[in-house]
Amino acid sequence: MSTLSAEKTGVRVLTMGEAIREALAEELRRDPTVFVMGEDVAEAGTAFKVLLGLVDEFGPERVIDSPISEPGITGLGVGAAMTGMRPVIDIMFGDFITLTMDQMVNQAAKIHYMSGGKLKVPMVLRTTMGASRRSAAQHSQSLHAWFSHVPGLKVVVPSTPYDAKGLLKTAIRDDNPVAFFEDKMMYQLKGEVPEEEYTIPFGVADIKRPGTDITIVATSSMVQVSLAAAEMLAEIGIEAEVVDPRTTFPLDKEAIIESAKKTSRAIVVDEGYERYGVTAEIASVIADGAFYYLDAPVKRIGAMDVPIPFSPALEDLTVPTADTVVETAKALCGRN
Amino acid sequence: MAKAAKQTKPKTSKSATPDAEEWLTMYEQMVRIRSFEERVNLLYTSAKMPGLAHLYIGEEAIAVGVCSVLNAEDYITSTHRGHGHCIAKGADVDIMFAELLGKAAGYCKGKGGSMHIADQANGNLGANAIVGGSAGIAVGAAFSAQRLGNGRVAVCFFGEGAMGQGFLAETMNLAQLWKLPVIFVCENNMYNEYTHFSETTAGNPADRARALGMHTEEQDGQDIRVVYETALTAVERARRGEGPAFLMFHTYRYHGHHVGDINREYYRSKEEERDWVENRDPLALFADWLLAKKLTDRSVLDGIEAEVKEEVERGAQFALDAPYPDPSEVSTNVYA
Ligand SMILES: Cc1ncc(C[n+]2csc(CCOP(=O)(O)OP(=O)(O)O)c2C)c(N)n1
């Protein structure tokens, strides 16, 4: 967990929330056409307090409280992006992206193509994902696969404060519509974030832990879950390599295939619903690119295919855990 | 790009009292739309045009009246019935025909077609095949105009059928709340496809804008002088920072919902159609007035018609002769 246990002296440690706020502040400072719009983003700093203080520096003209109007502000973002601005539209819960679907899927994603390249939509839709807060079915989904499905959109799923900051800055500077999914259980996660300016390119996976026996491709909070699983596996002599694609589109197929070729076994872990999900896409990439290197079928682990329940006794059953990853890895490695 | 003919761009006089020359330019634009549309009908019925064709014939006074008070840099967003708006905002008919036929020389390299033509050079942010879908783009363009302080306004054209979409209500709320320079132009031709709007729309659509405190007008859309004056007032208010407007113009489409909609008697009578064509035709009403006021004579109007017809014919021929896009174009412009 090298990127997380950054207690070395002289290295700055930020939470994921702080890293995101810092990325936004730097971009707002750098480019006057950037603005943030969403429900309760200004004084309240969003429901998760991630934007707290931004309005003090940049004012209500650039950190803008909107009506409760997800389609409206997303559509406004599309039009503003087409005409010279770089909007960051804040949708407080990822579940509410269903309301933005027409604007994201039929407008933002298609305008560049339909116009033969004449028009561009450089906007970011920032939203959340993830269960485990006992928020029940309408506040717990991870719907990033929906946007990953649509050509014209880019989708970011950061797993560390370092990645979140660098990727968000890239998202804001990108000339395309980008959906940026933050796991709401990870805002307090700490990690090293350097003082100096940096960005992280899209479509470049990061090996969060090198290993030789099995590849675990994991996204967002599932990276942390998989790193914990890898520690447990190491104790019984299985060295797992944890690969974090960081963006589900563009997807770093090469890095994923290379790792699977090296280890010859692979598990894909993502918090979205398992069926028709991100795990299916990545499993197919591995099957296609590393078939002759594989010693076992690729396994997928996603959220259970049920609406996320409220009761803690039930909710915990629906989300992938380190134990599940360990059990699956052991089975693949013939160690049951 | 081969120009099919010398074209007179719509002169944006913005004068409260246009002179004879300015009125004649508007007349010419109306003739251009009608003539273009008649040629589209022919292309479509002779199976030379793929896709769908939604003709604007009968509604020309609205597009031309409104766009004549705009500058080239001002924005419009348009609908599935968008040829009229596109021409009125300054597009060239040859490149439009090319787009309609899916040719490489088209406004969008043949990737948009009739329902998605965008013409950035003339401020046309695109026709839109999602009913009500472009309202966010228009409001976003008005937002960026306000924030960038460039003095532009945005016009959102839509049919009365879009009043059923909550998205329109949301964007109207944003526009009025933030005093954005956007004009909502409702072209009430009475039919949502094949259903009379009284069967789909509660109350008077204009009352909804009034309820927001928005500057609202309801006017005859067949008389270009009324449209021009109404639009001018709204645009000048918006430019002065006094906020948006909602203009509802009563009008009629002579043809079916699309070209294939031939047997229409189950939803509207032949008598009703005849009445509008014979007594409320925007070109005839305008010509009568120009002649009565002695601003022109018949030979001048005939000359305009002959010239435009020739230009349109040349434009259609240019498009028919033009090559299709190279197959390699299929995967370009997905991302900027
Ligand atoms: C969101 C959406 N729903 C349905 C349609 C199918 N559709 C296309 S045009 C139309 C009727 C539109 O009527 P109106 O807005 O009055 O415009 P008009 O055709 O009269 O110009 C419908 C239902 C669509 N394109 N988009």
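Quick notes
- Against the criterion of being over 14 Å from the mean Cα position of the chain (by Cα) and crowded, with 21+ Cβ neighbours inside 10 Å, A:GLY166 does not qualify.
- Checking B:GLU73, B:GLU22 one by one, the residue that is charged (D, E, K, R), part of a helix (DSSP H, G or I) and either away from chain A (no Cβ under 14 Å) or on the phi < 0 side of the Ramachandran plot (or both) is B:GLU22 and no other.
- Taking the numbered list (1) open to solvent by less than 10 Å² (accessible area, probe 1.4 Å); (2) within 16 Å of the ligand (Cβ to nearest atom) in turn, B:LEU174 passes all entries but (2).
- Residue count for the range A:7-27, restricted to those that are β-branched (Val, Ile, Thr) and either surrounded by 20 or more Cβ atoms within 10 Å (Cβ to Cβ) or modelled with pLDDT of 95 or more (or both): 3.
- Residues of the range A:177-201 satisfying the condition of being open to solvent by less than 30 Å² (accessible area, probe 1.4 Å), within 26 Å of A:SER140 (Cα to Cα) and outside any strand (DSSP E or B): A:PRO177, A:LYS184, A:MET186, A:TYR187
- Listed conditions (1) open to solvent by less than 10 Å² (accessible area, probe 1.4 Å); (2) among the polar types (S, T, N, Q); (3) near the ligand (Cβ under 8 Å from one of its atoms) are all met by B:ASN124, apart from (3).
- Of the residues making up the range B:86-98, those that are free of Cβ contacts under 8 Å to residues at least 60 places away in the same chain and either closer than 16 Å to B:ALA129 by Cβ or within 14 Å of another protein chain (Cβ to nearest Cβ) (or both) are B:CYS86, B:ALA91.
- Residues of the range A:57-82 that are within 9 Å of chain B (Cβ to nearest Cβ), among the β-branched types (Val, Ile, Thr) and either crowded, with 24+ Cβ neighbours inside 10 Å or closer than 18 Å to A:ALA171 by Cα (or both): A:ILE73, A:THR74, A:VAL78.
- Cβ-Cβ under 6 Å pairs, at least 6 apart or on other chains, the range B:174-195 side closer than 16 Å to B:PHE157 by Cβ, far side in a strand (DSSP E or B) and more than 16 Å from the ligand (Cβ to nearest atom): B:ALA175/B:VAL182; B:VAL182/B:ALA154; B:ILE183/B:ALA245
- Test: residue in the range B:267-286 that is under 21 Å from the mean Cα position of the chain (by Cα), under 30 Å from B:ALA47 (Cα atoms), more than 16 Å from the ligand (Cβ to nearest atom) and not acidic (Asp, Glu): yes
- Counting only strands (runs of 3 or more DSSP E) that fall entirely inside the range A:234-336 and contain at least 2 residues that are without any contact (Cβ under 8 Å) to a residue 40 or more places away in the chain, the qualifying elements are A:240-244, A:299-303.
- When A:GLU239, A:GLU258 are checked against the criterion of being under 15 Å from A:LYS330 (Cα atoms) and either modelled with pLDDT of 95 or more or of a type in the set (Asp, Glu) (or both), a single residue qualifies: A:GLU239.
- Listed by first and then second residue, the pairs linking a residue in the range B:74-85 that is within 12 Å of the ligand (Cβ to nearest atom) to a residue that is among the polar types (S, T, N, Q) and open to solvent by less than 10 Å² (accessible area, probe 1.4 Å), with Cβ atoms under 6 Å apart and 6 or more places separating them unless they lie on different chains, are B:HIS85/B:SER78.
- Scan of the range A:117-156 for residues that are within 14 Å of chain B (Cβ to nearest Cβ), open to solvent by less than 10 Å² (accessible area, probe 1.4 Å) and small (Gly, Ala, Ser), ordered by number: A:GLY152
- Once the range B:45-62 is narrowed to residues that are within 16 Å of the ligand (Cβ to nearest atom) and over 15 Å from the mean Cα position of the chain (by Cα), the residue that is surrounded by the most Cβ atoms within 10 Å (Cβ to Cβ) is B:LEU52.
- If the condition is being in contact with a Phe, Trp or Tyr (Cβ under 6 Å, 6 or more places away or on another chain) and within 16 Å of the ligand (Cβ to nearest atom), then the range B:136-159 contributes only B:CYS156.
- Residues located in the range B:255-266, provided they are more than 12 Å from the ligand (Cβ to nearest atom) and open to solvent by less than 30 Å² (accessible area, probe 1.4 Å): B:VAL259
The values are calculated or read from the model by the stated rules, or taken from the named source; none is laboratory data. Note that the coordinates shown come from a computational prediction; the quantities given were computed from them, not determined experimentally. Virtual Cβ from ideal backbone geometry, glycine too; neighbours counted across all protein chains shown. The accessibility values were calculated without ligands, DNA or RNA, using every heavy atom of the protein model including side chains. Shrake-Rupley method; radii C 1.70, N 1.55, O 1.52, S 1.80 Å.
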